[in-house]
Amino acid sequence: MEATEAMTVIGADGGSNGYDPGLSKEELLYCYRTMLLVRAFDDTCMKLQRSGRIGFSIPNLGVEGMQVGAATALRKDDWIFPCYRNFGMALYHGVKPVEMMHNMYGNAQDSARGRQMPVHFSFVDPIHWVSISSPIGTHIPQAVGAARAFQVRGEDRVALTTFGDGGTSSLGFHSGLNFAGVWKAPVVFLCQNNGYAISCSSEKQTASESYAIKGKAYGVPGVKVDGNDLLAVRRAVCEAVDKARAGDGPTLIEAETFRMGGHSTSDDPTRYVPKELVEKWAAKDPVDRFERYLGKRGIWKQGDRERIYGECMQEVADAAKVAQSTDAPGLETIFSDVYAELPEHLRRQGRAAFDLAARRGDAAAGGGAFPL
Amino acid sequence: MEATEAMTVIGADGGSNGYDPGLSKEELLYCYRTMLLVRAFDDTCMKLQRSGRIGFSIPNLGVEGMQVGAATALRKDDWIFPCYRNFGMALYHGVKPVEMMHNMYGNAQDSARGRQMPVHFSFVDPIHWVSISSPIGTHIPQAVGAARAFQVRGEDRVALTTFGDGGTSSLGFHSGLNFAGVWKAPVVFLCQNNGYAISCSSEKQTASESYAIKGKAYGVPGVKVDGNDLLAVRRAVCEAVDKARAGDGPTLIEAETFRMGGHSTSDDPTRYVPKELVEKWAAKDPVDRFERYLGKRGIWKQGDRERIYGECMQEVADAAKVAQSTDAPGLETIFSDVYAELPEHLRRQGRAAFDLAARRGDAAAGGGAFPL
Amino acid sequence: MANLTLVQAVNDGLATVMRDDPSVIVFGEDVGPKGGVFLATENLTKEFGEQRCFDTPLSEDGIIGTAIGMAMNGLRPVAEIQFQDFIFPAFDQIVSEAAKLRYRSGGQYTAPMVIRTPYGGGIRGGLYHSQSGEAYFCHTPGLKVVIPSTPHDAKGLLIAAIQDPDPVLFMEPKALYRSVKGEVPEGLYTVDLSTLRTVQAGDDVTVFCYGAMVPVAMKAAAKAAEQGIGVHVVDLRTLLPLDEEGVLEAAKRTGRVVVVHEAPRFCGYGSEISALIAENVIEYMEAPVKRVTGFDTPFPNTLEHHYMPDERRVLDAIEQVHSF
Amino acid sequence: MANLTLVQAVNDGLATVMRDDPSVIVFGEDVGPKGGVFLATENLTKEFGEQRCFDTPLSEDGIIGTAIGMAMNGLRPVAEIQFQDFIFPAFDQIVSEAAKLRYRSGGQYTAPMVIRTPYGGGIRGGLYHSQSGEAYFCHTPGLKVVIPSTPHDAKGLLIAAIQDPDPVLFMEPKALYRSVKGEVPEGLYTVDLSTLRTVQAGDDVTVFCYGAMVPVAMKAAAKAAEQGIGVHVVDLRTLLPLDEEGVLEAAKRTGRVVVVHEAPRFCGYGSEISALIAENVIEYMEAPVKRVTGFDTPFPNTLEHHYMPDERRVLDAIEQVHSF
Ligand SMILES: Cc1ncc(C[n+]2csc(CCOP(=O)(O)OP(=O)(O)O)c2C)c(N)n1
Ligand SMILES: Cc1ncc(C[n+]2csc(CCOP(=O)(O)OP(=O)(O)O)c2C)c(N)n1
Ligand SMILES: [Mg+2]
Ligand SMILES: [Mg+2]
């Protein structure tokens, strides 16, 4: 496998080539449903953001296929070091929309206690989904370190890390791939090349022929795959995962896809994305493509999308309702989890905060909005 | 040109191939003499360090050829962003040994006022040799920035930056090459692959096939050249420089060579470098090789080396003598050059230091030694 | 004079100086056609072209590293770091390189450049879009650190920073980007670096603050005035090099001091103000030197309004030092 | 008990804890066969094999980034940064990641790891092999910062740091690596993090110090004793979280305080000590709180002995606060 043409499995007409994995009907429909669940989550969040209920969200339109395809390649005991535009992988592995909604609202039930921005999920169950942090690329060497721990203990588990095209310019990309190459660590680097890093197009991001070819700098094989082809992504990631489990080291996968919306709910991409590009990629929509494939396999019929999407919307709406009626985190959550044990100075600061609130009333919520 | 076999010009027997640039006798002998001047400087510094007169030096044995070869490709109005193991390039361009010795002694005549460690030279004349800083790789994006300034002003000047094999793992390498690729900046990246980064061998440094191939990650052409072949390095750097001047962007050159001594005057390489490797590379000595070439050209005879080396030793000894008898920098140099203008708080701190020295005598010089 | 928001004043400052000096160039992530995520660089690419205002790859190390090289070589780069929280990949370039270049080269090489970056809380940005890292940089000799709190100062200080021969970190209080407006002179003018600004004079308690904490302090001062406490409010605005004499004067004036910043308390910038006072004018102090700061925790999201010093907390401290 | 230098005590501490806990692994630049540039990791590869003590590529970002991943996933990494001056490429990993991981994940992920690094002057290392960056890290909630000054503490604090559930920056005073020797117990023992050490009791002046400044303070204290000034010398040793109560007690004890460190003064660690005093026990102070520190400049080479606080300067400050 080398970094040249993007690998595909599903053709434009929905037919598949020799690499069709022959998944069961249940599995295929689960994949399909998961993509629609991502859309339902996105659509709901967009509305919630527009109506001021949440501050921010990250849309996934156009990139759901690569997320779900990649997720299918992992076991529950593998670890994911994700970037933000990849949470379909969490949904695939059984994270409940309501858990994600708690984070979107930053409420008391949020696993991060409302400390993080929306979409910065953290889960240990049903799969290790390592707490997302905003600084781009820092998690890449961390994935390599976690993979090294698997290696040291002789476990056949892998760490998969995802990042965007912009993420390849980060320091973490450079050090992570380099260390992984030297260590032959069981890690899979999955680059979601969606054409833009906020407003920066790939031509301004790098002059390299492709993102996959960047593996050459580290002795890490690079593979390019059609990111809108769920089964092709599955294939590439499965091969990389198998290789990693077998002790044959890391792989860099570039999933070529396109961010069909803005960078976030606050971004206006029409300022910088040419319309023709959006149109070109709209024709390659990963859900449409997968649907055609399901149709060919005889397990999809007209109306299925609306029905399933409706179910997903209901599930997400229910989740949002629960999250919205959940209390905000308590004042004490500002001070906990800084250290394993609360140190004396934080105990004092916490007491002072409670005391002040008692004497002078609560702080007034601010009015600022996230710009991006 | 692509990153495969290392390019050569001078054969093992001293014959040259079709790429012989046909340099004049004077130029060739100047190159030869410069290599010997580097050796004389090194040998003298080693003795000065052993006798406690200077704290530290960086030996160049084995890598003099690439330094001088590269230097020949530059004009005086180009800029060099060097690493420490490359000062033969400065000597080639006319920096006087005595100026370097002032730095080795950190005295009042040192261009850096004794603030930097030895070997951290800074010159603006006769060529821009940008102040070396110890953190590895930081100067690489700086070279790209300087190159961009040439580009903005429409000048046909280039920035050449050198770094070691270890330097390719640094953050600066990643960001520098990436930015240069996108900007098509007139910069030449010259990697001195000398086999080790202190005690870290190249296999532990990176799993990439070569250092030159790392250019692929940035759309920067990579070239591998025999670093012990002065004319081959000259050829590679000339081509890269010409390309850069012509507006055709950056090149990454890997000069394959070997660090024949320790990392520094304080390092014991026998702890980690296999003896066979040293022997293998001893046979490829760049000065011997160039000497054979000069011999074939009929401009070298038995005894020339000893005579010229002797002259160089004299020049360096004279330089050391001058530097040694030059005063240490004055106390005020601690406080100057922090800002263009001395701010009030530094004026106060400076006054207090003079005052204290007047009242309580000078500070006693410490006894610590540099470990590496 | 135009009535501008703080971010508009920044934009005006950039455009003004770019018109004046062709060696000034502006770059960073998304500063080009998009105009920056806060629109601080809006229309600059349109007016000055892609050569003078452009987007870079996603690497703060690269942004600052290349800026240093440009600055050495005759340009006047103004680099944007999208959020101050993302400056840390460039920490080495700033602290080891830009700040030390003049010193280590005996003045042969210098880095006259500006790093602009929005800092601070108030936009529900959580841990990584809210931090106030000034103390990290103020502990770095060779740098200058400037934080404006008004549109007038934002433009004037920014132009001064760009014209300054040394590297300047210019931190913009994002909470004030659109929430304050003020008169801003047209054309080129500068506000001296290293002078503080007395926002209001008072004789009972001195409050030192900067950036987004200035309006907070002023609100608290207004409340204090209702109780007859006269608050002397000082906007430090150039944090490094600091007008230490001015700080000591203002502290002596009342003998009762409160220092306010958003960043965590421990080893925060406020500790230096306290230390200067304790070292030089302690005998004038009639009360403890109180700090009102962010807590010694990362910056939370949902509860950010509890984390950031507000009128309540500042007023409480003013009352405490006043009644001590 | 063995009589060891400080660097031998570090080496002993590493070997001891590696014998005890197979999840402890040591890595960094040149720590393997070469044994580290200061020989702190000598023989560890020989005893524990290449899987448990190994060299890494030249990337501090990679060293700390991978250490965080290992720590999350069950190992106890002890990463070496060859000189503290070279920690800055990893600043983002330390400050944004290791320090904030527990907080931002609600405790679901944690980073129990140690970063060992030699710091400080005294080896003619110039700007980039001499710095004392503790203040940068002490302004970072979520981190612990430890600096030993004796062989006994070096081993005991290091083992405590490795066993600690939170990330610890362990800064080793390189000037003391071979210049101090002391009794070091065999086997596993710990010195509690977050307790300070009274090096000598005294009733006239309190000196706060840590690391390589402890012997300097002790020399000055001995000279002061000749004049009848009793100096109370406190080795802070865990700088974050600090035993603030202990500091205030020691300050109150004499009412006259000198704080000593090598790092530049402005926004240095000493400013926090002064600020704590000014905020909490100012009414007990009978003299200004003096700081004796490195100057607010980069670290020079030839004149490093003028830059670093020495007995002269500390004694001068002791006398000043004593006679105030
Ligand atoms: C170190 C750092 N710099 C800047 C940012 C601001 N930022 C957030 S997302 C983003 C673009 C990321 O692009 P890419 O990696 O392609 O991911 P995508 O958003 O396209 O999925 C930027 C610049 C950041 N989060 N971290
Ligand atoms: C950022 C940084 N980390 C570590 C060091 C310590 N160090 C000095 S030289 C060196 C090895 C450099 O190797 P290489 O780049 O191959 O250059 P060479 O010495 O072989 O010429 C190291 C690790 C440093 N100077 N800077
Ligand atoms: Mg992208
Ligand atoms: Mg090398």
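None of the figures in this text is laboratory data; all of them are computed from the coordinates on show. Fair warning: this is a prediction, and the values are worked out from it, not measured in the lab. Cβ: placed from backbone, ideal geometry, glycine included. Neighbour counts: every protein chain shown.
Figures for the structure shown
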item	result
Exercise: per-residue mean of other protein chain Cβ atoms within 10 Å, C:17-27	1
Degrees separating the helix D:244-254 axis from the principal Cα axis of chain D, which is the longest one	30
Net charge dipole size for the stretch A:6-325 [Lys, Arg +1 and Asp, Glu -1 on Cβ; Debye, nearest 20]	340
Fraction in percent of alpha-carbon pairs per bin - 5 Å, the stretch D:190-324	2, 12, 22, 25, 21, 12, 6, 1, 0
Cα gyration tensor shape for chain C, rounded if a/c is under 1.5, else prolate or oblate	prolate
Gain in span if fully extended, B:LYS280 to B:ARG297, counting 0.36 nm per residue against the direct Cα distance	3.5 nm
Spin-label proximity, B:LEU342 to the stretch D:287-324 - amide N less than 15 Å from point 7 Å beyond Cα toward beta carbon	D:296-297
Proximal aspartates and glutamates to B:LYS321, defined as alpha-carbon separation beneath 19 angstrom and excluding residues fewer than eight positions away on the same chain	B:ASP42, B:ASP43, B:GLU99, B:ASP110, B:GLU311
All aspartates and glutamates inside 16 Å of C:LYS223 as judged from Cα atoms, apart from same-chain residues fewer than 8 positions distant	C:ASP203, C:ASP204, C:ASP310, C:GLU311, C:ASP316, C:GLU319
Farthest toward positive dipole pole in the protein assembly as shown [+1 Lys/Arg, -1 Asp/Glu at C-beta], among B:GLN302, C:VAL231, C:LEU4	B:GLN302
Estimated 222 nm signal from helices in the protein assembly as shown, with DSSP H stretches of n ≥ 4 weighted -39500 (n - 2.57), rounded to 500	-11500 deg cm²/dmol
Highest-first arrangement of C:239-247, D:301-309, where packing means the average Cβ count within 10 Å	D:301-309, C:239-247
Angstrom value of the Kirkwood radius, inverse mean 1/r, which spans all Cα pairs in the stretch C:2-184	16.0
In range of the label at A:ALA365: residues from the stretch A:92-121 whose backbone nitrogen is under 19 Å from the point 7 Å along Cα→Cβ	A:101-120
Total charge dipole magnitude, the stretch C:272-324, about the Cα centre, Cβ charges on Lys, Arg, Asp, Glu only, Debye to nearest 20	120
Rounded if a/c under 1.5, otherwise prolate or oblate - the stretch C:3-84, Cα gyration tensor axes	oblate
Share of Cα-Cα pairs in the stretch B:133-200 lying beyond 17 Å, as whole percent	39
Ranking of A:VAL158, A:VAL144 by count of other Cβ atoms within 10 Å, fewest first	A:VAL158, A:VAL144
20 Å-binned pair-distance histogram of the stretch B:6-325 (Cα, whole percent)	34, 61, 5
Rounded to 10°, Cα long-axis angle of helix D:213-226 versus longest principal axis of chain D	20
B:ARG351/D:GLU286 FRET efficiency (R0 22 Å; Cβ-Cβ; nearest 0.05)	0.25
Label point distance in nm, D:LYS219-C:ASP20, each placed 7 Å from Cα along Cα→Cβ	5.1
Kirkwood hydrodynamic radius of the protein assembly as shown, Cα pairs, Å	32.1
Straight-distance crosslink candidates among aspartates and glutamates, where the alpha carbon sits under 13 Å from D:LYS155 and sequence neighbours closer than 8 are dropped	D:ASP12, D:GLU172, D:GLU183, D:GLU186, D:ASP192
Cβ-based net charge around A:GLY303, under 13 Å, with every Lys or Arg adding one and every Asp or Glu removing one	-1
Most to least packed among D:187-195, D:18-26, A:33-41, C:64-72 [average Cβ atoms within 10 Å]	C:64-72, A:33-41, D:18-26, D:187-195
Using a 7 Å Cα-to-Cβ projection, C:ASP203 label spacings across copies, nm, ascending	4.4
Helix C:151-163 vs. chain C, principal-axis angle (Cα, 0 to 90°, nearest 10)	50
Only Lys, Arg (+1) and Asp, Glu (-1) charged, at Cβ; the stretch A:261-311 dipole about Cα centre in debye	340
Exercise: per-residue mean of other protein chain Cβ atoms within 10 Å, C:310-321	2
Which listed pairs, of A:LYS184/D:LYS100; A:LYS96/D:LYS100; A:LYS47/A:LYS214; A:LYS243/B:LYS204; A:LYS25/A:LYS96, have C-alpha distances above 30 Å, in listed order	A:LYS47/A:LYS214
Pairs beyond 27 Å (Cα-Cα), from A:LYS76/A:LYS301; B:LYS76/B:LYS280; D:LYS144/D:LYS174; D:LYS46/D:LYS174	A:LYS76/A:LYS301; B:LYS76/B:LYS280
Selected from A:GLY249, D:ALA278, C:THR206, residue furthest toward positive end of dipole (the protein assembly as shown; charges at beta carbon)	A:GLY249
Label-point gap, in nm, between B:ASP77 and A:ARG153 - each point 7 angstrom along Cα→Cβ	6.4
Peptide B:176-188, shielding by other chains (average Cβ, 10 Å cutoff)	5
Global form of the stretch B:174-241, assessed from the alpha-carbon gyration tensor, a/c cut-off 1.5	oblate
Spin-label pair C:THR195/A:THR326, simplified geometry with 7 Å Cα→Cβ offset, distance in nm	5.4
